[in-house]
Amino acid sequence: MSKHSGLHIYQDSGPPQGSTDYTTLILLHGYAWHSGIFSKMVPLSETYNVRVVLVNRRDYPGATPHPKEERALLDAAAAEVESDPAAARAKILSYMEYNARDLYDFLIDFIASNDVPKASVEKNSGGIVVGGWSFASGWMLALLAYAHSFPVGEVDVGKYIRRVILYDAPYHVLGYPPLDGDIYGNPLFDPSLAEDEKTRMFADWVSGYYKHPLDSLDALERRTPLTHPPPTISAMTAEERALALYPSPGDPGGSDCVLNLTGIPSGAWPVLRESALRVPQGEGGDAATGSRSWDAVELVYLWCDATVWEVIWGVHSLKQAVQEARIAGDKVRRVTFVQIKDANHFIHWDRPEDTVRACLAATSELEEVVIGSA
């Protein structure tokens, strides 16, 4: 457990033996799964000169629960989101700022306790790559949105962060509206299902492989996965599922469930996305008020082309937004895209080596990097 954060290191490969320029890859899990789902990446540490650190968010195994004050913000937002979305949005943003600070404090503790090699963008080595899978992409947006405003002490975290990864982020966590206004597909949003069915069916749906015609957004497959390869969860043993699946935060009343159902109608996610993409203007960023070192941190959208339709739509939406911002001359941070071919939402379990390669890949703003299957 971090001294100043409620986050928990579930598993840590440790530094590759003898290396002085390894990259530290810190991953946060998504909705209803904890970071045990990334465990197959840990043995690849020596091969790829990377220290793999798997972190559990609050309310998941090993981490501390959300403090009462912060959980009260979430519940208050849920109670008023229909009657006063603006008030609910302010509370959700405060809740996410708290989560960003929690992650920031975790990073401070980790850096202070470890001899982290210096980041070299030119050599694509060293430093820290921090990523949030799926729902935890919201934590990455919040980190980029607020980190520059957090006080800097002995550790300037931004100088160690080489990139932040949105790993297979769905459109709604990025703050975009659904394609053609239609949310069909995701069991979590299916009104025909009983509440206790939604989380269970979500695990099967989200781990499937889908065949999408990427040249036609209207023809994205929303509900029915391929038979072969089968959904990842169907090929896992009961013991493997038990070591990674943790549905209670996603069940009705759980913190992730409440945030998911409140963050969208409140309009909080678009605010976080815009703040994360924008490089803050003006002087600012001194030792008392924060650091400008975050301005140079790269944002990578790592996506899988056989994943659920919500991610494909999110990729399209973010690419379009970044392109429009560049054309308009807006000052946005470096945003790049990495694709894993023939990959589903759980590719870190099915093809962990490709996932490590994608997280560490050298990137370009001019073209998308593609990590291909054989």
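The values are calculated or read from the model by the stated rules, or taken from the named source; none is laboratory data. Computed from a prediction, not measured in an experiment: that's the story for all the values here. Here the Cβ positions follow ideal geometry from the backbone for every residue, glycine too, while neighbour counts run over all protein chains shown. Heads up: the accessible areas ignore ligands, DNA and RNA and are worked out on the full protein's heavy atoms, side chains in. Shrake-Rupley method; radii C 1.70, N 1.55, O 1.52, S 1.80 Å.
Can you confirm whether V53 is under 22 Å from the mean Cα position of the chain (by Cα) and modelled with pLDDT of 95 or more?
Yes.
Within region 288-303, how many residues turn out to be part of a loop (DSSP other than H, G, I, E, B) and in contact with a strand residue (DSSP E or B) (Cβ under 6 Å, 6 or more places away or on another chain)?
Residues in region 288-303 being part of a loop (DSSP other than H, G, I, E, B) and in contact with a strand residue (DSSP E or B) (Cβ under 6 Å, 6 or more places away or on another chain): 1 in total.
Given the criterion small (G, A, S) and free of Cβ contacts under 8 Å to residues at least 40 places away in the same chain, identify the matching residue among S234, S275, S266.
One residue alone meets the criteria, S234.
Which of the following residues is farther than 17 Å from S137 by Cβ and either buried (at least 17 other Cβ atoms within 10 Å of the Cβ) or at pLDDT 95 or above (or both): Y301, Y246?
Going through Y301, Y246 in turn, just one is farther than 17 Å from S137 by Cβ and either buried (at least 17 other Cβ atoms within 10 Å of the Cβ) or at pLDDT 95 or above (or both): Y246.
If R89 satisfies every condition in (1) of a type in the set (D, E, K, R); (2) closer than 27 Å to I161 by Cα; (3) buried (at least 20 other Cβ atoms within 10 Å of the Cβ) but one, which is the exception?
Answer for R89: the failing condition is (2).
Quick check on this structure: which one of A86, A63 is touching a strand residue (DSSP E or B) at 6+ places or on another chain (Cβ under 6 Å) and of a type in the set (A, V, I, L, M)?
A63
Is there a residue in region 118-126 that is within 25 Å of S94 (Cα to Cα) and open to solvent by 10 Å² or more (accessible area, probe 1.4 Å)? If you could, list the steps in order and put the result at the bottom.
Here is the first cut: in region 118-126, the residues within 25 Å of S94 (Cα to Cα) are none.
No, region 118-126 contains no residue that is within 25 Å of S94 (Cα to Cα) and open to solvent by 10 Å² or more (accessible area, probe 1.4 Å).
Here's the yes/no breakdown for (1) crowded, with 21+ Cβ neighbours inside 10 Å; (2) over 18 Å from F110 (Cα atoms):
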{"residue": "Y22", "(1), (2)": "yes, no"}
{"residue": "G30", "(1), (2)": "yes, yes"}
{"residue": "M41", "(1), (2)": "yes, yes"}
{"residue": "V53", "(1), (2)": "yes, no"}
{"residue": "N56", "(1), (2)": "yes, no"}
{"residue": "P61", "(1), (2)": "no, yes"}
{"residue": "E69", "(1), (2)": "no, yes"}
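So, L141, is that one open to solvent by less than 10 Å² (accessible area, probe 1.4 Å), assigned to a helix (DSSP H, G or I) and at pLDDT 95 or above or not? Talk me through it step by step, then tell me what you get.
Values: open to solvent by less than 10 Å² (accessible area, probe 1.4 Å): yes; assigned to a helix (DSSP H, G or I): yes; at pLDDT 95 or above: yes.
Considered against the rule, which asks whether it is open to solvent by less than 10 Å² (accessible area, probe 1.4 Å), assigned to a helix (DSSP H, G or I) and at pLDDT 95 or above, L141 comes out as yes.
Considering L44, L25, which residue is among the hydrophobic types (A, V, I, L, M, F, W, C) and within 22 Å of H4 (Cα to Cα)?
L25
Of the residues K40, K91, only one is closer than 22 Å to A147 by Cα, among the basic types (K, R) and modelled with pLDDT of 95 or more; which?
Within the list K40, K91, the selection yields K91.
Got at least one residue in region 196-203 being among the charged types (D, E, K, R), open to solvent by 10 Å² or more (accessible area, probe 1.4 Å) and either under 19 Å from the mean Cα position of the chain (by Cα) or more than 30 Å from P67 (Cα to Cα) (or both)?
no
Look through T355, T363 and report the one residue that is over 25 Å from Y146 (Cα atoms), in contact (Cβ under 8 Å) with a residue 60 or more places away in the chain and of a type in the set (S, T, Y).
From the options T355, T363, the qualifying one is T355.
Would you pick out the residues in region 204-221 that are free of Cβ contacts under 8 Å to residues at least 60 places away in the same chain and open to solvent by less than 60 Å² (accessible area, probe 1.4 Å)?
P213, S216, A219
Which of the numbered conditions does V370 fail, given that it passes all the others? Conditions: (1) surrounded by 17 or more Cβ atoms within 10 Å (Cβ to Cβ); (2) assigned to a strand (DSSP E or B).
Single failed check for V370: (1).
Please determine, by comparing only the residues of region 304-332 that are at pLDDT below 95 and not in a helix (DSSP H, G or I), which one is least open to solvent (accessible area, probe 1.4 Å).
The residue in question is V332.
Name the residue that is surrounded by the most Cβ atoms within 10 Å (Cβ to Cβ), counting only residues in region 92-117 that are among the acidic types (D, E) and within 22 Å of S19 (Cα to Cα). Steps first, answer last, please.
Step one: list which residues in region 92-117 are among the acidic types (D, E), which gives 97, 102, 105, 109, 115.
When the remaining residues are screened for being within 22 Å of S19 (Cα to Cα), the result is 109, 115.
Details: D109: 17, D115: 7.
Residue satisfying both the conditions and the ranking: D109.
Name the residues in region 151-194 that are assigned to a helix (DSSP H, G or I) and either open to solvent by 30 Å² or more (accessible area, probe 1.4 Å) or in contact with a His (Cβ under 9 Å, 6 or more places away or on another chain) (or both), would you?
Those that are assigned to a helix (DSSP H, G or I) and either open to solvent by 30 Å² or more (accessible area, probe 1.4 Å) or in contact with a His (Cβ under 9 Å, 6 or more places away or on another chain) (or both): G158, K159, L179, D180, G181, F189.
Which condition number in (1) open to solvent by less than 20 Å² (accessible area, probe 1.4 Å); (2) under 23 Å from H172 (Cα atoms) is the one that S83 fails?
Just one mismatch for S83, condition (1).
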